[in-house]
Structures are given as C-alpha cells and as structure tokens.
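The values are calculated or read from the model by the stated rules, or taken from the named source; none is laboratory data. Model, not experiment: these values are computed from the prediction. For neighbour counting, all protein chains shown are included, and Cβ atoms are generated from backbone atoms with ideal geometry for every residue, glycine included. Protein only, heavy atoms only, side chains kept; ligands, DNA and RNA dropped before computing areas. Shrake-Rupley method; radii C 1.70, N 1.55, O 1.52, S 1.80 Å.
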Amino acid sequence: MKTLRKAVIPVAGLGTRFLPATKAQPKEMLPLVDTPVIQYVVEEAIRAGIESIVLVTGRGKGAIENHFDVAYELEDTLRRRGKQEDLDLVRDITHLAQFAYVRQGEPLGLGHAVLCARHAVGDEPFALLLGDDVFDERDSALESLITAYQATGKSVVGVQEVPEEHVSRYGIVSGSSGSGTAWDVTAIVEKPRPEDAPSRWAVVGRYVLEPPVFEHLAALQPGVGGEYQLTDALAILAREGRLVAAPIPARRYDTGNKLDYLKANVEFALKREDLRSDFAAYLKDLVKGF
Ligand code: G1P
C-alpha cells in the first residue's frame, strides 16, 4: 500500500476578500475562536498520517513561519510565570510536523504555487490542502481521499455537491454513478458557467496527487483569469484515466468567505467545552431580539 508522507499547503494568496484585516497579516492567521485557520488545516493533515508539510509562501507571510516555530521569549516568560498549560499549548505547535517553506515570488495562480513545491516534494505522491477550506475536526476529510488513493492508485480530488448557482466558484468534475464511493473523473472544468458545468460536484480544496502532475504543471499555458490553473493539469490526468473523485462526508467552511467565516467561528465556539454553555445562552438571548 502506498503511503503518503508529505502535504503541500499554498499560503501565498493576498486575502483581498478580508481587507482591511489582511492588510498587514496573512489571511491564514485569522482565528477560528483562538486558533489560526492554518493550524486547523495542518492538524487535519497530521491526523491523516502526514509527517512533512511544505508551505508555499510569499511576501508578508512571516507570521505563519513564526507560528510553527519556537517562540523563545514567550516560552521563557510563560515558564518563569509557571503557566504550564499555555506553555504546552505553544510548544506543541512546533512539534506538529516537519515544516519546509518555499516561496512563490509572483501570484501566478494555484497551478504555479503547486509547481513551486516540486523540489521540496520530490518523486512521491503528496496531499494538497487549500487553506481557505476548513472541515469539521470530527470528520476526517483528507482521510477519505487517502482511502480512495490507496484503493485506486490514482490521483484524487475531494468533492462535494454544491448548489447550481455556486458551480462558477469551483473546479467542477464529471458526476458519479451515485454509488457514494470514489469514481473515475472523465472531465474537470475550472469555474464553469452553470450551463457548461459537467455536474454540481465541486473540488473543495483537498487533493492527493501523483508526481506526474508536476510535468503537466510545468507545461501549462495560462488559463481562466490569466492564471496557471491546477485544474488544467488535472484535466490532462482525467483524459489519461488517472484521476478519481472522492466525496468528502464532512461539514465544510469556506473561511475565505465572510459569512462562512462567521458561521465557522460560531460553530467552533459551540463545540468548545469552555465556551459552549455561556455562548449558547448568549446566542439564544441575542436572537430573541431579532
Ligand atoms: C481553487 C481551485 C478550484 C477549487 C477551489 C476550492 O479556486 O482553482 O478548482 O474548486 O480552489 O476551494 P480558488 O478558490 O482559489 O479561486
């Protein structure tokens, strides 16, 4: 059985949908309750057995590297003040995985970002996780893809069915026979108009990719929006019969979208033992006024 050790997470995006919050800090560091979005994504990868994380970063993203690194002054202060719990919380982050960083010098698209990780990944399959998509921690989103990868030996895209009016926000794959398990993708289109979409099955930010994808990425021409699109490289894998879609049975939050980001904060807070009852009481009281 092929094992998956590495994951790539592109974090070079400018986060313009969250200005002004993202003017001077990476969007990936925005918190859900008290933990940055990027940490949830890294932890999902670790839970699925990933040991090594390659972050494709860019200018202004230093806070992400610092977050996963030792914070000497902070740790020393917490130690001297006897704040063991906080110290453990901070230290544990540095032990989550092995981290490597590569830079994407120019914002040329997701396909280009993934290609930047080529030498760090080497000649082995890897998971790709997009930082805007966060899944409920109780479900194992990436694991559904790994199961499909191990069963088929082909590259995998994680998909969910979306309403017709949303298909133009996603890469859309050809639909399933309805069995509920992974299926062969015969076509994949980036952000189609609803009338051109092959189905309503959208790629939702989780992939397992075989190394030949790098060859296809290196040969890409600019696609939708003038960017190098990962979807165009995946379309070649689909034509070669080397791509499957795996449905992800998990609650998803698009934290790059303001409404979904707010919902995620509320729902993550309600899952927390230390906040649930007070916060639920507050919300019940609040909605009475509407
Ligand atoms: C990217 C991909 C798209 C995918 C989406 C998932 O688009 O290009 O195929 O469906 O992520 O979130 P973006 O959201 O970066 O525009």
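Separation of the range 19-65 and the range 265-288, taken as the distance between their Cα centroids, equals 25 angstrom.
Dipole magnitude for the range 1-149: about 460 debye, using +1 per Lys or Arg Cβ and -1 per Asp or Glu Cβ, origin at the Cα centre. Reported value for the range 199-290: 172 Å³ per residue, from the convex hull of its C-alpha atoms. Taking a straight Cα-Cα cut-off under 28 Å and skipping sequence neighbours fewer than 8 places away in the same chain, the lysines within cross-link reach of residue 191 are 6, 23, 27, 61, 154, 258, 263. The fraction of accessible area contributed by carbon and sulfur in the chain is 52 percent, rounded to a whole number (1.4 Å probe; ligands and nucleic acids excluded). To the nearest 20 Debye, how big is the dipole of the chain about its Cα centre, given +1 on the beta carbon of each Lys and Arg and -1 on that of each Asp and Glu? That gives a dipole near 260 debye.
Residue 120 sits among other residues whose Cβ lies under 15 Å from its own Cβ, and their net charge, with Lys and Arg +1 and Asp and Glu -1, is 0. The residues neighbouring residue 4, those whose beta-carbon lies less than 10 Å from its own, together hold a net charge of +1 under the Lys/Arg +1, Asp/Glu -1 convention. The convex hull built on the alpha-carbon positions of the range 119-226 has an orientation-averaged projected area of 8.1 nm². State, to one decimal in nm, how far the label point of residue 2 lies from the label point of residue 69, with both points 7 Å from Cα in the Cβ direction. Calculated label separation equals 3.4 nm. With the convex hull of its Cα atoms as the shape, the chain has an orientation-averaged projected area of 17.5 nm². What net charge is computed for the residues neighbouring residue 46, neighbours being all others with C-beta under 14 Å from the C-beta of residue 46, Lys and Arg scored +1, Asp and Glu -1? That sum, taken over residues with Cβ under 14 Å, equals -3.
For the range 178-274, a crude dipole built from +1 on the beta carbon of Lys and Arg and -1 on the beta carbon of Asp and Glu, taken about the Cα centre, is about 340 debye to the nearest 20. Ranking 218, 38, 289 by Cα position along the charge dipole of the chain, where only Lys, Arg, Asp and Glu carry charges on their C-beta atoms, puts 289 farthest toward the positive end.
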